[in-house]
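For reference, the structure I am asking about is given below.
The values are calculated or read from the model by the stated rules, or taken from the named source; none is laboratory data. Here the structure is a predicted model, which means the values were calculated and not measured. Don't worry about glycine lacking a Cβ; one is built from the backbone with ideal geometry, like all the others, and counts go over all protein chains shown.
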Amino acid sequence: MTRLFARLALSLAILSPLPAVAQSWQAIEKTEYYKVRGDTPMMLYQSIGERGPLLGGGRTIAHTSFKLTWQRDYQQQGQACVLASAKPKLIITYTLPKPAGALPADVQAKWDRFSAGIVTHEKLHGVFMRDLTQQIQDISVGLRDENDPGCKKVRAALQAQLKPISDAHGARHSAYDQVEMSPGGAVHQLILTFLNP
């Protein structure tokens with residue numbers, strides 16, 4: 001029972017987005033589909049296994065990726081340098097399965113529930129990516145060094161802070177997937193419900 005509560009606490013910690021802050025930017029979301037074939041849940045799931053996105057040497061049902069670029073304004077103020085602004089451009093891409101043809105009504109109903117659950121899972125990865133972007137912006141703007149002609153120290157200080165944030169971001173995604181896909185997890189349950197009569 002204690003392990004169950006510990007796991008539940010971990011799930012809640014992973015799923016909780018960071019505290020909301022006023023955002024001055026908007027993420028761009030894109031959805032790409034890959035076609036799966038079949039007219040039964042098992043055939044569709046087998047097609048996912050053959051055609052799904054490649055990740056870590058194997059195929060997965062769906063995947064969320066992102067591209068993050070920045071416009072940074074470093075300002076020289078005498079001998080000092082300050083990072084006056086950092087404007088992100090975040091593009092989040094969801095790769096999802098989609099049946100290649102029409103499905104029997106009962107299979108379509110099961111597919112719709114399965115697909116909605118997968119979208120919900122992937123959208124939380126998108127929330128994590130927004131959180132990461134906001135964290136980077138928060139630590140960037142106002143970064144300053146009083147003796148930094150050429151703004152080299154401020155740039156180095158920013159890079160030094162980005163690695164632990166990036167590492168924590170990767171760990172957050174991994175922990176979330178581990179909870180969701182382990183026996184009893186939300187994605188595991190989605191698969192079982194989809195495949196079982």
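What is the one condition in (1) modelled with pLDDT under 95; (2) in contact with a helix residue (DSSP H, G or I) (Cβ under 9 Å, 6 or more places away or on another chain); (3) not basic (Lys, Arg) that PRO149 does not satisfy?
Tallying (1) modelled with pLDDT under 95; (2) in contact with a helix residue (DSSP H, G or I) (Cβ under 9 Å, 6 or more places away or on another chain); (3) not basic (Lys, Arg), PRO149 fails exactly one: (2).
Test GLY38 against the stated conditions and say whether it is surrounded by fewer than 13 Cβ atoms within 10 Å (Cβ to Cβ), of a type in the set (Gly, Ala, Ser) and over 15 Å from the mean Cα position of the chain (by Cα). Steps first, answer last, please.
Numbers: surrounded by fewer than 13 Cβ atoms within 10 Å (Cβ to Cβ): no; of a type in the set (Gly, Ala, Ser): yes; over 15 Å from the mean Cα position of the chain (by Cα): yes.
Spelling it out, it is not the case that GLY38 is surrounded by fewer than 13 Cβ atoms within 10 Å (Cβ to Cβ), of a type in the set (Gly, Ala, Ser) and over 15 Å from the mean Cα position of the chain (by Cα).
May I pose another question? Find the residue count for the stretch 42-69, including only residues that are touching a helix residue (DSSP H, G or I) at 6+ places or on another chain (Cβ under 8 Å), part of a strand (DSSP E or B) and of a type outside the set (Lys, Arg).
Initial filter on the stretch 42-69 (touching a helix residue (DSSP H, G or I) at 6+ places or on another chain (Cβ under 8 Å)): 42, 44-45, 59, 61-64, 66, 68.
Next, only the ones that are part of a strand (DSSP E or B) stay: 59, 63-64, 66, 68.
Still in the list and also of a type outside the set (Lys, Arg): 63-64, 66, 68.
Count: 4.
In addition: Report the residue count in the stretch 79-104 for those that are under 30 Å from LEU54 (Cα atoms) and in contact (Cβ under 8 Å) with a residue 40 or more places away in the chain.
Of the stretch 79-104, the ones under 30 Å from LEU54 (Cα atoms) are 88-104.
Then keep just the ones that are in contact (Cβ under 8 Å) with a residue 40 or more places away in the chain; that gives 88-101, 103-104.
Counting residues in the stretch 79-104 that are under 30 Å from LEU54 (Cα atoms) and in contact (Cβ under 8 Å) with a residue 40 or more places away in the chain gives 16.
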